[in-house]
1. May I ask you to derive the relative contact order of the chain, considering only C-alpha pairs under 8 Å and at least 6 residues apart, and to give it as an integer percent?
2. What are the residues whose amide H is under 5 Å from the amide H of Lys272, where those residues sit 5 or more places off or on another chain and H is modelled from the backbone?
3. Just to confirm the number: angle between the C-alpha axis of helix 59-71 and the first principal axis of the chain, 0 to 90 degrees, nearest 10?
4. Subtracting the Cα-Cα distance from 0.36 nm times the residue separation, let me have the gained length for Val187 to Lys68 in nm, one decimal.
5. Too long at a 24 Å Cα-Cα cut-off: which of Lys67/Lys191; Lys79/Lys108; Lys191/Lys229; Lys37/Lys65?
6. Picking from Leu242, Leu33, Leu308, which is most flexible by a Gaussian network model of the chain using Cα springs under 10 Å?
7. How large is the Rg to Rh ratio of the chain when both quantities use alpha carbon positions and Rh follows Kirkwood?
8. For segment 219-317, state which GluC sites (Glu not before Pro) are in a DSSP loop and have at most 14 other beta carbons lying within 10 Å of their beta carbon.
Amino acid sequence: MNQNLYDTIIIGGGPAAAAAAVYAARKKLKTLLITEKFGGQSIVSRSIGNWIGELSISGMELSEKLKKHVEAQGGIEIKEQENVVGVAEGPNCTYEVKSDKGSSYWSKTLIIASGAHRRRLHIPGEDKFDGKGVAFCSTCDAPFYSDLDVAVAGSGNSALETVVDLLTYARKVYLIIRSERLKGDPVNQEKVTQSPKVQIIGNTEIQEILGNQNVTGLRYKEKKTGEIKELAVSGIFIEIGLIPDSEFIRPLVDTNEAGEIVVDHATGKTSKIGIFAAGDVTNDPFKQNNIAAGDGVRAALSAYDYVLNIKKYSPCAEKGE
């Protein structure tokens with residue numbers, strides 16, 4: 001184990017993980033990065049307009065740039081197309097990271113930057129028509145709805161951005177929200193509310209997605225009256241939030257009710273010594289690429305400080321290896 005002991009293992013491939021990897025390399029930490037793929041959630045975005053330094057960049061382009069930047073660093077080993085399934089405490093202040101490939105890796109510190117994934121409605125028809133009218137990526141699937149009526153479920157920025165994507169193609173877009181008002185940024189709200197193609201159906205709950213071979217409509221309930229109504233659409237994009245990818249680390253660190261890893265926002269430290277976290281998997285309220293990258297830098301610098309002073313921070317390190 002000692003010969004293959006890393007200074008830090010970074011779990012994830014989005015902006016937080018990539019930034020952490022670059023800074024870990026600059027601090028000459030022996031680093032392993034494990035990820036299914038680079039890019040994070042933004043990989044499906046057609047155009048990202050708020051990534052600092054780029055007027056506009058696609059999610060795929062950002063993914064490629066993140067990967068190239070990490071690969072250009074010395075001292076970083078990358079395990080791509082590999083997922084972490086568990087973490088266990090080892091001897092002498094080390095951690096064992098287990099992957100879905102049956103491999104185990106050992107490290108003095110961990111940086112959890114595993115991000116989050118899409119939340120689902122969990123209603124009849126959602127799984128049955130997944131890929132047959134039920135969609136989660138407007139960048140990928142919006143062109144399939146040219147001159148058709150389509151629905152979007154959600155009220156935040158992801159839902160509003162999906163509506164904007166669909167305006168180029170769809171004949172009509174129904175934005176279905178559980179609350180009475182939109183929650184996204186004012187600039188996105190303005191784009192949606194000013195379009196004659198958009199109809200907002202508020203204070204409702206979607207009950208079922210209808211169809212035969214493909215989606216033909218949906219059934220929803222008006223929360224105030226309890227009345228059940230049907231809406232004819234050829235597809236529905238589900239944009240109702242994120243679930244943090246923290247299952248593999250939850251036995252070791254504190255998480256909130258949403259499953260987000262609770263961190264010290266000044267350092268990226270978790271409740272477990274030697275484990276740091278960054279980006280959308282944490283309880284940072286602002287889920288943004290630029291903020292995630294900053295989180296990753298902070299976590300890497302904190303991990304470096306920990307490794308540099310490991311005997312000071314870790315009583316068990318004094319026992320030797």
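1. 20
2. Here Asp254 satisfy the definition.
3. The helix 59-71 is inclined about 10 degrees to the chain.
4. 39.6 nm
5. Flagged as over cut-off: Lys67/Lys191; Lys191/Lys229.
6. Its mean-square fluctuation being the largest, the pick is Leu308.
7. Dividing the radius of gyration by the Kirkwood radius yields 1.04.
8. Within segment 219-317, the qualifying GluC sites (Glu not before Pro) (loop, at most 14 other Cβ atoms within 10 Å) are Glu227, Glu247, Glu257.
Read the figures in this text as sums done on the coordinates, not as results from a lab. What you are looking at is a predicted structure, and each value in this text was computed from that prediction instead of being measured. For neighbour counting, all protein chains shown are included, and Cβ atoms are generated from backbone atoms with ideal geometry for every residue, glycine included.
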